[in-house]
Amino acid sequence: MPRRQVTSPLLIEIGARIRNIRLEQGMSLDQLAKRSGVAKGNLSSAEHGRVNITVETCLKIAAALGVSAGELLPEPEEGHGTGRGPGAGGRKGRARPGLV
């Protein structure tokens, strides 16, 4: 069964950030793959916004590029996320016990 391609404006933006930083550093996709331990094909798919990378993969890529993971992620905006509105957990802004 073919693997389903995932695309969204958010994934495309994250991928563009990865690619732009990589190119600014003069790094090839192959070099980033070797430095990060992420397969070249997965990196290419991520750069084109075709896959939703895990947090672990994001951290590996960021470390290999010498940037924080936050630099790969856009600022939160309306329209990014689950589409379930503020909080996305249905808790309507109530804090979880023990969290500030």
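Please report Rg over Rh for region 9-71, where both radii come from the alpha carbon positions and Rh follows the Kirkwood definition.
Result: Rg/Rh = 0.90.
Where in region 10-34 is the amide nitrogen less than 12 Å from a point lying 7 Å along the Cα-to-Cβ axis of residue 40?
The answer is 28-34, whose backbone nitrogens lie closer than 12 Å to the label point.
Extension gain residue 73-residue 16, at 0.36 nm per residue separation less the Cα-Cα distance, in nm?
My answer for the length gained is 19.5 nm.
Charges on Cβ only, +1 for Lys and Arg, -1 for Asp and Glu, centred on the Cα centroid of region 9-71; of 32, 58, 9, which one is farthest towards the dipole's positive end?
Among 32, 58, 9, the one farthest towards the positive end of the dipole of region 9-71 is 32.
No value in this document is a laboratory result; all are computed from the given coordinates. Owing to the predicted nature of the structure, the values given are computational and were not obtained by experimental measurement. Quick reminder, even Gly has a Cβ in these numbers, built from the backbone with ideal geometry, and neighbours come from all protein chains shown.
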